[in-house]
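Q: Below you'll find the structure I mean.
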Amino acid sequence: MKQKHAVVIGGGVAGAAAASALTEAGVSVTLLDQRPTIGGRTSSFRDGVTKEEVDNGQHLFMGCYHETRCFLQRLKVEDRLKFLPHFCIPFVSPLNGRSKLDFPIWPFSTGILKGLFGFRELSLGDKLALMKGFAFFRLTHKRDLSHLTVSQWLDRLRQPRGTRWSFWHPLCLATLNERAETACAQALAVVLKQGFFGSDADRALGYSLVSLGKLWPVELPGYLKRQDGIIGLGQSVSGFEVKDGRVEKVL
């Protein structure tokens, strides 16, 4: 039988994961990206002054990133991530000094309550506002939020400036690699649902032990080659040539 062939446009995490899944299913893949390297916004660059590699997001991983972890397992590189026993992030600020957001492994959501009330970055009023926001989310999390940005959603949750700058905005940047003004509220809702109100394993935080440019991009070309797949870099795609409802050519 003639081997199936697919073209994947974009060499970021989504495109790379799709290409590797197709390869696993026995499909020959041509992966195209207009950049000179794969990785998309999850990549690294060498600083001109220090000459060290600097990561450009994804700085933080969570246990609930099931599809991402499946992708890394497929390439046999998940051991390059290190997960902490539970959710704990240290903070340093000129106003409050050192503090940490620490969610211990307690039954149900009691660990979240303990962590929030022990978080010195927030005033008592901000903590109560954040708890109200969580409660509203738990009651309405099935609502479609795809048409809202995170900032617009926080407006609806009536979140004050303190909770935004000390909790929501850092969470949005770390988990979605996007600012609250442009990030999709639906994506952050998934993080909350699975990462905060899911299992202890889903709530665990992880980080890469290597630079993001070496986390999976090095292994992907060889993996695609298993089914005679290739990666074309510096290839800009402007459209498709469609005939009888089928894509005949990528332009």
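Q: May I have the extent of the alpha carbons of segment 174-214 along their three principal axes, as whole Å values ordered from largest to smallest?
A: The Cα atoms of segment 174-214 stretch 30, 29, 10 Å along their principal axes.
Q: In nm, give the distance between the simple-model label positions of Asp47 and Phe240, each being 7 Å from the Cα along the Cα-to-Cβ direction.
A: 4.3 nm
Q: Roughly what would the spin-label model give for Leu128 and Val190, points 7 Å off Cα along C-beta, in nm?
A: Reported label-point gap for Leu128 and Val190 is 3.5 nm.
Q: Turning to a different aspect of this structure: Report the equivalent ellipsoid semi-axes for the chain in whole Å, largest first, defined as the square roots of five times the eigenvalues of the gyration tensor built from alpha carbon atoms. Mind dumping the intermediate values first?
A: Details: eigenvalues 285, 87, 64 Å².
Each semi-axis is √(5λ); the values are 38, 21, 18 Å.
Q: Sticking with this structure for a sec: Residues with beta-carbon under 12 Å from that of Lys214, excluding Lys214: net charge, scoring Lys, Arg +1 and Asp, Glu -1?
A: With Lys, Arg at +1 and Asp, Glu at -1, the net is -2.
Q: Please report the net charge: other residues with Cβ closer than 9 Å to the Cβ of Gly118, K and R +1, D and E -1.
A: On the way: positive: Lys100, Lys114, Arg120; negative: Asp102.
Summing Lys and Arg as +1 and Asp and Glu as -1 gives +2.
Q: Sticking with this structure for a sec: Return the distance in nm (one decimal) between the two label points of a simple spin-label model at Ser199 and Lys214, each offset 7 Å from Cα along Cα→Cβ.
A: Between Ser199 and Lys214, the label points sit 3.2 nm apart.
Q: Straight-line reach from Lys100: which lysines have a Cα under 23 Å away, not including same-chain ones fewer than 8 places off?
A: Reachable lysines: Lys82, Lys114, Lys127, Lys132, Lys193.
Q: List the residues whose amide H sits under 5 Å from the amide H of Leu101, counting only those 5 or more places along or on another chain, with H placed 1.01 Å from N in the peptide plane.
A: Excluding prolines and chain starts, which carry no amide H, the hits are Ile89, Phe91.
Q: Per residue, how much space in cubic angstrom lies within the convex hull of the C-alpha atoms of segment 46-184?
A: On the way: hull volume 23.2 nm³, N = 139.
Considering the Cα atoms of segment 46-184, their hull volume per residue is 167 Å³.
Q: Calculate log10 I(q)/I(0) of segment 121-251 for q = 0.11, 0.12, 0.18 Å⁻¹, where I(q) comes from the Debye formula with a single equal point scatterer on each Cα and nothing for solvent.
A: Result of the Debye calculation: -0.63, -0.71, -1.02.
Q: Evaluate the charge dipole of segment 57-181 about its Cα centre and quote only its size in Debye, nearest 20, assuming +1 on the Cβ of each Lys and Arg and -1 on the Cβ of each Asp and Glu.
A: On the way: 19 positive and 10 negative charges, 41 e Å.
Roughly 200 debye for segment 57-181.
Q: Considering the Cα trace of segment 27-75, what is its radius of gyration and what is Dmax, both in angstroms?
A: Expressed in Å, the Cα Rg and Dmax of segment 27-75 come to 14.1, 43.
Q: Sticking with this structure for a sec: Where in segment 18-61 does the amide nitrogen come within less than 17 Å of the point 7 Å from the Cα of Val7, taken along Cα to Cβ?
A: Of the residues in segment 18-61, 19, 28-35 have backbone N under 17 Å from the label point off Val7.
No lab work stands behind these numbers, since they all come straight from the coordinates. Being a predicted model, the structure only gives us computed values, none of them experimental. All Cβ positions, even for glycine, are placed from backbone atoms using ideal geometry, and neighbour counts span all protein chains on display.
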